[in-house]
Amino acid sequence: MNQEPILKVDNVVKRFGGLYALRKVSLELERGIILGLIGPNGSGKTTLFNVITGAYAPDGGAIYFEGEDISGLKPHRIARKGIGRTYQVARPFKSMTVEDNVHVGAAFGCTEDERSGETREVCYNALKMTNLESKADDLADSLTLGEKRRLEIARAIALRSKLLLLDETMAGLTPTEMDMTLDMIKRIKSEVGLTIIVVEHVMRAIMTLSERIVVLSEGEKLAEGSPKEIAQNPLVLEAYLGEEVTE
Amino acid sequence: MFLDLLAQTVVTGVLVGLILALASVGMTIIFGIMKIFNIASGDLVVLGCYVIFWLNAIFALDPIIGFPVAILIGVVLGAGLYYFLIRHIVRTVGLRSLMVLFGVSSILSNSMLVAWEPLTRTVPVFYPNLVFADVTIPGNKLLPAIVSVITTIVLLVVLNYTYFGRSIRATVSNWRAASLVGINVNKIYAAGFTIGIALTVFAGALISLVYPIEPYGGLPYSLYAFTIVILGTVGDPIGCLVAGLIIGLATSFTGSYWTQGMAPAVSYIILVLTFLIRPEGLFGKRR
Amino acid sequence: MSTKNLLGKSSLIISLAFAAVVGIIGFTSEAATTAYLYAMIELLVLAYSLNIFTGFSGYINFGHVIYYGLGAYVVAVLAFNLVATPLPTFIYVIAGGVFASLVAIAIGFPVLKLRGDYFAIATLGVNEAVKVIIINTKQLGESRGIAILGYIPTYDIRGLYAMVMVTLFAVILFTYFVYKSRLGYGLRAIKDDEDVAEAMGVDTRKYKIISYSLGAFFAGVCGGIITLLYAYAFPDYFVIGRTIDMLVALVLGGFGTILGPLIGSVLYYIVKDYLLIRFPFYHQIIFGVALIVLVIFLPSGIVGLINRLLMKKGKRFRLE
């Protein structure tokens, strides 16, 4: 079993003009765990995602994926190495069907296998895992919010990602939908052997899902530990003072 | 003499540049406010040229008297275009508005073709030239250039010292924030668009003294305007003047030391290079 | 899933069948009809070629017509210079297409870094720049162009009609294969959301350049054939009226589909020809209005309209 961390964020700095979104953030992620990433609005969570996936190049520090330096690589190369993501505001490919959406992920996924047979199988599996088979021929735009979220996950799975970044997947879901999604994520993780980083504001979801939690505040890592430790950490509570904590 | 050619080239370049700048000021306001590229601007310039030409040909009016007429026509046209067409596409996907204006451009140029035939016209009015040493400063270029500068200054005064002007600048900067502080953004769109069109037609009136007029001649003016707007940074009239000077000098030098025909190509290449290397313009903030 | 596969194929079959029918009619009719159909087929090829890039990726390209013109000039230059050792003319035509696609790669490399309307304006600038450069180059005949009458065998319009028909078949097949391939999926993803496409592993830069130069190839071939027809290459080939033709045809038919360019071009051509006879000169104005109306009210074209109607009726398939 590979002892090397699947992801290593090493003192990453990201600036926008004079504003520092990330100040020397470091973390290490072992293969197969679910890491929760929390923090007040503006603390840099989505920016960190964007840097890891290559949408932004870091201004300082480096990112290592499976031991390889991926800092500043173009997003499509990073995606092909095995990092997939979902978006805060669901962004499926609107003019395409559900199946086509997933097909994009499958066609450009981790392995360069062009044989359509294999691609179709990957699509089918991804749709099955996210309970979207019945919607395969529907236009992505006609889905409900919960279904769109699942579509994004299916697309990322079809990419054959090894690391999945989930950005506020629970936002806007009803409690029932939320429970379904939580179960689905846990199931997918064990079936496919994914490592996952979850960004959430919904505390219940993050506490249930995560095996470890990292707290960001104003671009810096504030705390790291098990969910129980984090819930009792006075610094964390202080950072959230004045924030709505959904229970 | 070498110095004479150089001086003459510089003079021509400066004057032409200032005139072209006015054609761009209209576009920079429109693009600044509503992020729409007015592809039809060149055809509006040509329309302005024709206004002066026909006033002169039919009524023997001196072009200077024709200038206010051109502005008036520009205002009416701008308001009409906005009310009937533009306000419906203001917040849509950028490419759609581009296509719509492409259609407007085609309608304008072909209407002028049908109405006034594909002949090349010139306005047969010549203003006195100034001569310094061996350098001639042609009156037909000097007068429009001066008018252009005056107009731009007036515009700058309005933009900086009136509530209306400041509202425009606020909308250019951030229309959402502008609406939050109580600016009626839709009114700004309407007024800004109308002023932009009026300035463009007026620029055409000025250009009628400088270049020959033909119905399909709009595209180069549009491209010159794009170049000047982007190079000078969007929404900045002074930037337009500076960029206008640069383009004017570039085309003038190309004309003097290479061939006149290649001058537009040089300008178009500057356009593409600006897009690639410095899309925020000379005075913009690097994004 | 199998229904959809059939539908893509059926669009292909319809298009090819139509092409075959028109081909036979054109080939066996008198010269006037053949000429009429020739222009229509040429518009079809151009619309399909523009569709490969603009239709699939959503990037409006105002400068597509330069590749038509470049193909034309290449054939003229080759015919002129190789008059001592002439090659079969279809090689010149292919060379025209290849040259056009190489220029497209060279131009696309920098220019495709731009997005949306900046890209569109840049293509306009490039188009005009190329035109101006050619008009000012002595070796290319300046504004008079290059005449190659006598440098090439005289062609019966039927022969060239056959050439252009072959090109049409080729471009339709190409469109179908692109649509079904990774390239097609990638381009459609780019059209919907370029950033997400990147994040899903699509090399957006590479795919945009590939489709841009593929489209250029077919436009260039078209231009080459017309030079053989007129035995003449001149700057009017670069005129912007052609761009309007292609764009209106594409908007009318529907971007990024297999049937779209077919329906759009045929309709547009028939209407244009009719208007040209009844209201000469006004027809361009009418098309300007048509473009505006279409873009505002029917942006996905006729194919899009049909699809929307099909969906309303609850049918589970779509026209491609």
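When the residues of the stretch A:148-177 are filtered to those that are small (G, A, S) and more than 14 Å from chain C (Cβ to nearest Cβ), the one that is farthest from A:I206 (Cα to Cα) is A:G172.
In the stretch A:15-38, of all residues being modelled with pLDDT of 85 or more and assigned to a loop (DSSP other than H, G, I, E, B), the one that is nearest to A:I230 (Cα to Cα) corresponds to A:I33.
Set side by side, the residues C:V202, C:V221, C:V239, C:V178 differ, and just one is at the interface with chain A (Cβ under 9 Å from one of its Cβ atoms) and among the aliphatic types (A, V, I, L, M), which is C:V202.
Restricting A:A231, A:A156 to those that are of a type in the set (G, A, S), under 30 Å from A:G61 (Cα atoms), in the same structural domain as A:V104 (by TED's automatic domain parsing) and not in a loop (DSSP other than H, G, I, E, B) reduces the list to A:A156.
All conditions in (1) away from chain C (no Cβ under 14 Å); (2) assigned to a loop (DSSP other than H, G, I, E, B) hold for B:P118, with the sole exception of (1).
Listed conditions (1) out of contact with any helix residue (DSSP H, G or I) (no Cβ under 7 Å at 6 or more places or on another chain); (2) outside any helix (DSSP H, G or I); (3) aromatic (F, W, Y) are all met by C:F255, apart from (1).
Does the stretch A:151-173 hold any residues that are among the basic types (K, R) and either farther than 19 Å from A:A140 by Cα or touching a Phe, Trp or Tyr at 6+ places or on another chain (Cβ under 6 Å) (or both), and which are they? Spell out how you get there, then give the answer.
Kept after step one, since they are among the basic types (K, R), are these residues of the stretch A:151-173: A:155, A:160, A:162.
Those that are among the basic types (K, R) and either farther than 19 Å from A:A140 by Cα or touching a Phe, Trp or Tyr at 6+ places or on another chain (Cβ under 6 Å) (or both): A:R160, A:K162.
In the set A:L145, A:L127, A:L132, which member is out of contact with any Leu (no Cβ under 8 Å at 6 or more places or on another chain), under 29 Å from A:L173 (Cβ atoms), more than 8 Å from every other protein chain (Cβ to nearest Cβ) and among the hydrophobic types (A, V, I, L, M, F, W, C)?
On the way: A:L145 fails: out of contact with any Leu (no Cβ under 8 Å at 6 or more places or on another chain); A:L132 fails: out of contact with any Leu (no Cβ under 8 Å at 6 or more places or on another chain).
Step by step, each of A:L145, A:L127, A:L132 is checked, and only A:L127 is out of contact with any Leu (no Cβ under 8 Å at 6 or more places or on another chain), under 29 Å from A:L173 (Cβ atoms), more than 8 Å from every other protein chain (Cβ to nearest Cβ) and among the hydrophobic types (A, V, I, L, M, F, W, C).
Annotation: of all residues in the stretch C:280-320 being loosely packed, with under 13 Cβ neighbours inside 10 Å and in a loop (DSSP other than H, G, I, E, B), the one that is modelled with the highest pLDDT is C:P280. Reported count of residues in the stretch C:225-258, each being over 26 Å from C:G125 (Cβ atoms), surrounded by fewer than 22 Cβ atoms within 10 Å (Cβ to Cβ) and touching a residue at least 24 places away in the same chain (Cβ under 8 Å), is 3. If you filter the stretch C:153-211 down to residues that are among the polar types (S, T, N, Q) and part of a helix (DSSP H, G or I), you find that the one that is farthest from C:F109 (Cα to Cα) is C:T167.
The condition (being more than 14 Å from C:G69 (Cβ to Cβ), surrounded by fewer than 24 Cβ atoms within 10 Å (Cβ to Cβ) and more than 8 Å from chain B (Cβ to nearest Cβ)) is satisfied by just one residue among C:F99, C:F90: C:F90. Name every residue in the stretch B:232-287 that is surrounded by fewer than 20 Cβ atoms within 10 Å (Cβ to Cβ), hydroxyl-bearing (S, T, Y) and more than 9 Å from chain C (Cβ to nearest Cβ), in order of residue number. Scanning the stretch B:232-287 gives B:S256, B:Y257. Looking at this structure, is A:K74 surrounded by fewer than 22 Cβ atoms within 10 Å (Cβ to Cβ) and either within 13 Å of chain C (Cβ to nearest Cβ) or in contact with an Asp or Glu (Cβ under 9 Å, 6 or more places away or on another chain) (or both)? Yes, satisfied. For the stretch A:27-55, the set of residues classified as more than 11 Å from the chain's Cα centre (by Cα), surrounded by fewer than 22 Cβ atoms within 10 Å (Cβ to Cβ) and within 14 Å of chain C (Cβ to nearest Cβ) consists of A:A55 only.
For every residue, the table says whether it meets (1) in the same structural domain as A:A239 (by TED's automatic domain parsing); (2) part of a helix (DSSP H, G or I); (3) not aliphatic (A, V, I, L, M).
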| site | (1), (2), (3) |
| --- | --- |
| A:P40 | yes, no, yes |
| A:I63 | yes, no, no |
| A:S71 | yes, no, yes |
| A:Y124 | no, yes, yes |
| A:N131 | no, no, yes |
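Selection of the stretch C:102-119 for residues being more than 10 Å from chain B (Cβ to nearest Cβ) and without any contact (Cβ under 8 Å) to a residue 24 or more places away in the chain yields only C:A106.
Given the structure, is B:R96 part of a helix (DSSP H, G or I), surrounded by fewer than 22 Cβ atoms within 10 Å (Cβ to Cβ) and more than 10 Å from chain C (Cβ to nearest Cβ)?
Details: part of a helix (DSSP H, G or I): yes; surrounded by fewer than 22 Cβ atoms within 10 Å (Cβ to Cβ): yes; more than 10 Å from chain C (Cβ to nearest Cβ): no.
Taking the combined requirement at face value, the residue does not satisfy it.
Within the stretch B:158-171, is even one residue among the basic types (K, R), under 30 Å from C:D117 (Cβ atoms), surrounded by fewer than 19 Cβ atoms within 10 Å (Cβ to Cβ) and more than 14 Å from chain C (Cβ to nearest Cβ)? Give the derivation first.
Residues of the stretch B:158-171 among the basic types (K, R): B:166, B:169.
Remaining after also requiring under 30 Å from C:D117 (Cβ atoms): B:166, B:169.
Restricting the remaining residues to those that are surrounded by fewer than 19 Cβ atoms within 10 Å (Cβ to Cβ) gives B:166, B:169.
Pick out the ones that are also more than 14 Å from chain C (Cβ to nearest Cβ) and you get B:166, B:169.
Yes, some residue in the stretch B:158-171 is among the basic types (K, R), under 30 Å from C:D117 (Cβ atoms), surrounded by fewer than 19 Cβ atoms within 10 Å (Cβ to Cβ) and more than 14 Å from chain C (Cβ to nearest Cβ).
The values are calculated or read from the model by the stated rules, or taken from the named source; none is laboratory data. Just so you know, these numbers come straight off a predicted model, no measurement behind them. When we count neighbours, we look across all protein chains shown, and the Cβ atoms used for this are built from the backbone with ideal geometry, even at glycine.
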